[in-house]
Amino acid sequence: MFITLRNINKVYHMESVDVPALRDVSVDIAAGEFVAIMGHSGSGKSTLLNLLGCLDMPDSGTYHLDGVEVSKLGSDTLARIRNRKIGFVFQNFNLLPRTSAEENVELPLFYGPPLRSAERRERAQTLLRRLGLGERMQHHPGQLSGGQQQRVAIARALVNQPPLILADEPTGNLDSRSAEDIMALFRELNREGITIVMVTHEPDVAQFSKRVITMKDGAIQ
């Protein structure tokens, strides 16, 4: 099993109040799955995605990613795992505004094994051409539409060739046509063997996945 969570609990301490975010969550996700996580605001779905992405750690329970228990690893090891195994796609794109599309895509390559600048450039350009942005490589994010910015973000997530893509409301800031295009792209990537876990509150977006996990009050229903 590619992802295995067992009895995961997470509590956020807000001043004098404890807010349980995840309650005894256990789930398995096989390599090559396309899973959507759904639930109302505050249901725990984004917290779960952050844990899957090694951006946060559980208070209790275990998380195995590709056979490695990551829930007790140090920050440097977690950073390497995030860089090599996980690509992130966010609702707000999180692109550097004064940097070209090509340079945005190259950015994760600076944190992995050393590559020559020509190799970084070629890898970024190949992905941008594949995603239909061959004529937009030198444009800054402000010169691109929302759908084009999300494609740049997806190219950036793919540039290190990770086996896992985590997407947090990836169509939340897009019009319906752009959203359909992005989801068709995710489906194509999944057919190529990439595991995708996506948070969404939109049923028409979730239907692109192969399995839906529903959360309520920090627990899987």
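Which residues, taken from the stretch 25-48, are loosely packed, with under 14 Cβ neighbours inside 10 Å and more than 26 Å from GLU192 (Cα to Cα)? Spell out how you get there, then give the answer.
Filtering the stretch 25-48 for residues loosely packed, with under 14 Cβ neighbours inside 10 Å gives 26, 28, 30-31, 40-41.
Scanning the stretch 25-48 gives SER26, HIS40, SER41.
Filter the stretch 205-221 for residues that are in contact with a strand residue (DSSP E or B) (Cβ under 6 Å, 6 or more places away or on another chain) and in a loop (DSSP other than H, G, I, E, B) and give the result. The answer is SER209, LYS210, GLY218, GLN221.
Each residue in the stretch 89-102 was checked for being surrounded by fewer than 20 Cβ atoms within 10 Å (Cβ to Cβ) and closer than 10 Å to ALA167 by Cα, and 2 pass. In the condition set (1) farther than 24 Å from SER100 by Cβ; (2) in a helix (DSSP H, G or I), LEU127 is compliant with all but (1). Considering the stretch 61-86, the residues that are farther than 19 Å from ILE194 by Cα and small (Gly, Ala, Ser) include one that is surrounded by the most Cβ atoms within 10 Å (Cβ to Cβ), namely SER71.
Scanning the stretch 160-182 for residues that are hydrophobic (A, V, I, L, M, F, W, C) and either touching a residue at least 60 places away in the same chain (Cβ under 8 Å) or in a helix (DSSP H, G or I) (or both) yields LEU164, ILE165, LEU166, ALA167, ALA179, ILE182.
Here are THR4, THR99, THR77: which of them is within 20 Å of ALA219 (Cβ to Cβ) and among the polar types (S, T, N, Q)?
THR4
Contact map, the stretch 124-147: residues that are in contact (Cβ under 8 Å) with a residue 40 or more places away in the chain paired with residues that are surrounded by 18 or more Cβ atoms within 10 Å (Cβ to Cβ) and charged (D, E, K, R), Cβ distance under 7 Å, separation 6+ or inter-chain. Pairs shown: LEU131/ARG151; LEU144/ARG136.
Kindly check whether there is at least one residue in the stretch 90-108 that is in contact (Cβ under 8 Å) with a residue 12 or more places away in the chain, in contact with a strand residue (DSSP E or B) (Cβ under 9 Å, 6 or more places away or on another chain), at negative phi and among the hydrophobic types (A, V, I, L, M, F, W, C). Yes, that holds for at least one residue. Residues being surrounded by 22 or more Cβ atoms within 10 Å (Cβ to Cβ) and either of a type in the set (Phe, Trp, Tyr) or free of Cβ contacts under 8 Å to residues at least 60 places away in the same chain (or both): count how many of those fall in the stretch 183-205. Selection size over the stretch 183-205: 2.
Do the conditions hold for VAL159, that is, is it β-branched (Val, Ile, Thr) and over 15 Å from the mean Cα position of the chain (by Cα)?
When the stated conditions are applied, VAL159 does not pass them.
Between GLU122, GLU135, which is in a helix (DSSP H, G or I), more than 29 Å from HIS64 (Cα to Cα) and among the charged types (D, E, K, R)? It is GLU122.
Wholly within the stretch 1-117, which strands (runs of 3 or more DSSP E) include no fewer than the required count, namely at least 2 residues that are acidic (Asp, Glu)?
On the way: elements: 3-14, 17-29, 34-38, 60-65, 86-90.
In the stretch 1-117, 17-29 are the strands (runs of 3 or more DSSP E) which contain 2 or more residues that are acidic (Asp, Glu).
With respect to ARG151, is the statement that it is assigned to a helix (DSSP H, G or I), closer than 15 Å to ALA167 by Cα and touching a strand residue (DSSP E or B) at 6+ places or on another chain (Cβ under 9 Å) true? So ARG151 does not fit the description; no. Output yes when any residue across the stretch 159-173 is surrounded by 22 or more Cβ atoms within 10 Å (Cβ to Cβ), touching a Gly at 6+ places or on another chain (Cβ under 6 Å) and under 22 Å from LEU128 (Cα atoms), and no when none is. There is at least one residue in the stretch 159-173 that is surrounded by 22 or more Cβ atoms within 10 Å (Cβ to Cβ), touching a Gly at 6+ places or on another chain (Cβ under 6 Å) and under 22 Å from LEU128 (Cα atoms).
Where a number appears in this text, it was derived from the coordinates with a stated rule and is not lab data. Quantities reported herein were computed from a predicted structural model and do not represent experimental measurements. Counting neighbours? That spans all protein chains shown, and the Cβs are built from the backbone with ideal geometry, glycine included.
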